Amino acid sequence: MSGDKTLIFKIILGLVLILFSSRLFYLQVYNSEYRTLSEENIVHLETIYPSRGIIYDRNDSILVENRPSYDFYIIPRKFSLKDTASFLNSFSIKKYQLEELIKKAASYSRYRPSIFYKDMSHKRFAQIQSDLYHFNGIYHVSKPTRYYPFKSLSHALGYVAEVNNNDISSDTTNYYRQRDLIGKSGIEKNFEKDLRGNKGVRLKIYDVRGNESGSFKGGVDDIIVDNGSELKLSIDINLQRYIEKLLEGKTGSVVAIDPSSGELLAIASAPSYDPNVLSGRDYSKNYRNLQLDTLKPIYNRALTATYPPGSMFKLIQALIGLEEDVVSKDDQIYVDLSRIGDLAPAGIYDLNKAIVNSSNNYFHMLFRKLINQKRDNNTFIDSRIGLDRWSEYVKKFGLGSDLDFDISNMSSGFIPSSEYYDRFYGKGRWKFSNIYSLSIGQGELLVTPIQMANFASIIANRGYYYNPNIVTHINGKKISNNQRKYLDIDKTHFDYVVDAMEKVVMNGSARRGFMKELMLCGKTSTVQNPHGYDHSGFIGFAPKNNPKIAIAAYIENAGWGGRAAASISSLASEYYIFGKTKRNWLEDYVLNGDFIDEEN
Amino acid sequence: MRKINISIFSNDFIITLCYIILVFFGFISIYSSQHSEDLPFLSLKNESFKQLIWILICLIIFFIIQILEYRFIFDLAVPLYFLSIVLLVLVLIFGQEVKSSISWFNFFGFKFQPSEFAKFSTALILAKVFDSSNLKVDSLKSLIKVSTLILVPFILILFQGDTGTALVYFSFFLVLLREGLSLKLFFIALSFVFIFMMGIILEKTILYTIFTILFLIIVGLSIKDYKRIINSSIFFVLVILVINGQDFLMNNVLKPHHKKRIESLINPNADPLGAGWNVTQSKIAIGSGSFLGKGYMEGSQTSFNFVPFQSTDFIFSVIGEEFGYFGSMIFIILYFIFLYRVLTLAENQKDKFARVFGYSVFSIIFFHFFINISMTLGLFPVVGIPLPFVSYGGSSLLSFSLLIFIFLKLNSFKPSLLSR
């Protein structure tokens, strides 16, 4: 053992101590450069907010764009005013309010910036801009705010708002900070990643007076902001606005689809709201008001309201009946009125006539043949087999499914299964007589307006559909077209049903919507509503050959389907195909909105 | 009859006191860096609250270690070492990627970093190996034997992409310095590391030229000294191998993000908004503290998140800014008293196991302290290793505390050792 074994380590320790204390002395005491850098000549890390993606309609009209708004921050230690009155005036606050704000900011920190005033409009900012120079210790950050020039399509577009704690904690990419904006519903939410872009960073130097004096290191360290992607929608904003106009004062929704692609042409829900009220300074107040409204204007009925389909469901029954071969196109039978309430008279019916007159008793009989095909001698088991087979057919029409739509949280509706009735009545304890309401689209069946529009599109195409979609292009790039979905139901069956639908409009329940050049085919529903007046429903497409538009309408508490729903659908189809409407009398009828009191 | 000594007062008073003050310093600094309008203290998102929970966990562990038997720690060395190797392998497969390095396990939201734990178990295995075989690092064979124990976890951690933590394993060579490693060999090894690093910045041809000239000068100066010519020839060949090996490693073994990491370690300007930005802001924060500091919770440089990773790797910038030169020096001197005390206590151990372990504790903590403060002061590239006891982070607080607690336990056991 020679000498102190720890010597080398003690020498190292000593050297490091000298190194650290002299380096600290240099940084903190000797060299005043860093002090001034920190206190006065601040390098600010300024976040550059990407401009959120602009949204266009199918004809390149701008539906959503950005307007700047301004947030103001205060640093209490630096805050001083030459002219208090002009300051108070600029922010339209009272003196005591200012004192409170300063006190609150200072209690957080005298050195750190606190938010002082949020979301000043660009207009107001321009007015006070020249005075800002005199306000020491006040800094502003501009950020883009959503603006909706058409005040239309509110539900589908959705809205953006500041992130809340949930948004931040569920964000695994750690992108969002307090006060960032995020899409909260509709397309704004579902295409958030595309629309938002990525924040940039700019390093700026501020001089002694707090004025910007240039960029740090000539801007080499800045992160370039990545602006959001542009979206192009399949919506025709003119059609959309026309439908919204027709829906004014009513409750309900209309969905129009281009059957050749599944692209949505219009999706309207009424009552609606001006999307601009959910953007900007009064967001929370306005949002609360919309929430409290008993008519629920913020609720997107086109995607989330569920109704029984009513008589339009007879089309599906007819198609299943033909495909299952329980009825053939020439069969004629006598129908009395003994089974179920009916507005159609008794008489000799074939399937075509039953659709045109919407005979409830005919479809009661048809549905019984579908359910009880004598596959088992036990009528309970037979009903069960029949129902399961039937509901598989119904699901082929896209009912009970969210159709993989671009906007999530849409309702799937409800197709009752045998398990459902097992729970309700007990296993083996229900048969046809318990479920006959399904024959005319009532009972437990629930569908959404967009599902019915898709159904209209299936008939228009005579047997196939594309999943409905609303966003067609991202940054000019077409989103890959989705696949044709065939129902495996014979095309001739569809042709037969279409002929009947043409008659429904020509001289049946929807004759109010007839127009020779339009060649509208459709079917009305008068949906029984235990809570008030019946709902008025209609599905249809036009023209009969080479259809351009498939449409579904539900107008709540508006009575007969042949009135409100058929008229609105007919007008909307005319408007879309011809670019204008000639039938002013029908428009007036719809806008007037007295669908109940009139009697025929 | 052997007495189980569980009195806290039998522990070294200076180390215990320093430990408590350092942890306290850490907590209040994390609290200050986390202080914000929108974040309540009693929230699992608030790092200062989580740190408090970890401190309490450490307290419990302290008492558990107090009642452990000496033999138990001794016997645990081998299984713990193999356990940590297994964990290091598993984390490569099942680990969670955080900031592009895969070094974390995630158990129900609580994150665990095996590489922190491996430091502790490597220290134990070294102590055990030196103790049981009465080893001395004076031959190449023994050096290779000991180095293997150190380099296996080192390489595994390097594969995780956590270069900073991997570097810490070099601190074990300080222990070898005490246990017989010749100073000359140590510096030769150090110079190879240096050449390796140079190879990343400079062109290979430049390096070849420099070393060929150096070699020729040495040969020219020692014409008659054959031994020196042979030695320097061997050295020259090794240098060439290192330069080429570096190239091979960079291009064939390491992935692009590992490569970038090593490059930015050597040259922080390669990643100006990451590493370079941190250092600039850290220097401004510390510099603005002046002599007396801005006062607790009044540091302005955290606004707009000026210093990133402020609660973890750059925690010293909070101390520098808010307590000034005066407070920083108190903190630094406190740390030196602590390290000095660990060093002298380690040397005083009669038991070789305790001594080697003590030196490991000293080396690990010193290395972290030196690198961390250096990078905060802009003296060393940013490698992202924490300041022991002070930085936010459960795994790191736990592993450093474990090192100290075990060492205190070994130290307090000294009297009864005579009666073994």
### Task
Just give me the residues in the range A:237-261 being over 21 Å from A:Ile568 (Cα atoms) and touching a helix residue (DSSP H, G or I) at 6+ places or on another chain (Cβ under 9 Å), in sequence order.
A:Ser260
### Task
Report the residue count in the range A:357-390 for those that are basic (Lys, Arg) and within 14 Å of A:Ser418 (Cβ to Cβ).
3
### Summary
Over the range A:288-334, the set of residues farther than 30 Å from A:Leu247 by Cα and assigned to a loop (DSSP other than H, G, I, E, B) is A:Asp325, A:Val326, A:Val327, A:Ser328, A:Lys329, A:Asp330, A:Asp331, A:Gln332
### Task
Check the range B:337-359 and report whether any residue there is in contact (Cβ under 8 Å) with a residue 12 or more places away in the chain, buried (at least 19 other Cβ atoms within 10 Å of the Cβ), within 25 Å of B:Ile286 (Cα to Cα) and more than 8 Å from chain A (Cβ to nearest Cβ).
yes
### Query
Listed residues B:Leu183, B:Leu174; which is within 30 Å of B:Ile125 (Cα to Cα), surrounded by 12 or more Cβ atoms within 10 Å (Cβ to Cβ) and within 14 Å of chain A (Cβ to nearest Cβ)?
B:Leu174
### Message
So, in the range A:364-387, exactly how many residues are under 24 Å from A:Asp336 (Cβ atoms) and touching a Pro at 6+ places or on another chain (Cβ under 9 Å)?
### Response
0
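Within the range A:531-565, can you find the residues that are assigned to a loop (DSSP other than H, G, I, E, B) and in contact with a Cys (Cβ under 9 Å, 6 or more places away or on another chain)?
Listed by number, the residues that qualify are A:Pro543, A:Lys544, A:Pro547.
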### Query
Any idea which of (1) within 11 Å of chain B (Cβ to nearest Cβ); (2) modelled with pLDDT of 85 or more; (3) touching a strand residue (DSSP E or B) at 6+ places or on another chain (Cβ under 9 Å) is the one A:Leu15 doesn't satisfy?
(3)
### Task
Would you check if A:His493 is of a type outside the set (S, T, N, Q), more than 26 Å from A:Val590 (Cβ to Cβ), in the same structural domain as A:Asn378 (by TED's automatic domain parsing) and assigned to a helix (DSSP H, G or I)?
yes
### Summary
Of (1) aliphatic (A, V, I, L, M); (2) within 28 Å of A:Val335 (Cβ to Cβ); (3) part of a helix (DSSP H, G or I), A:Ile450 fails just (2)
#### Entry: Residue count, the range A:383-400 (criterion: without any contact (Cβ under 8 Å) to a residue 40 or more places away in the chain and closer than 23 Å to A:Asn482 by Cα)
3
### Query
Is it the case that some residue within the range B:273-291 is at pLDDT 70 or above, aromatic (Phe, Trp, Tyr) and under 26 Å from B:Ile364 (Cβ atoms)?
no
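Taking the stated definitions as given, is A:Ile128 within 29 Å of A:Val201 (Cβ to Cβ), of a type in the set (Val, Ile, Thr) and more than 14 Å from every other protein chain (Cβ to nearest Cβ)? I'd like the intermediate steps shown before the answer.
Values: within 29 Å of A:Val201 (Cβ to Cβ): yes; of a type in the set (Val, Ile, Thr): yes; more than 14 Å from every other protein chain (Cβ to nearest Cβ): yes.
So A:Ile128 fits the description; yes.
The values are calculated or read from the model by the stated rules, or taken from the named source; none is laboratory data. Not measured: the values here are computed from a predicted model. When we count neighbours, we look across all protein chains shown, and the Cβ atoms used for this are built from the backbone with ideal geometry, even at glycine.
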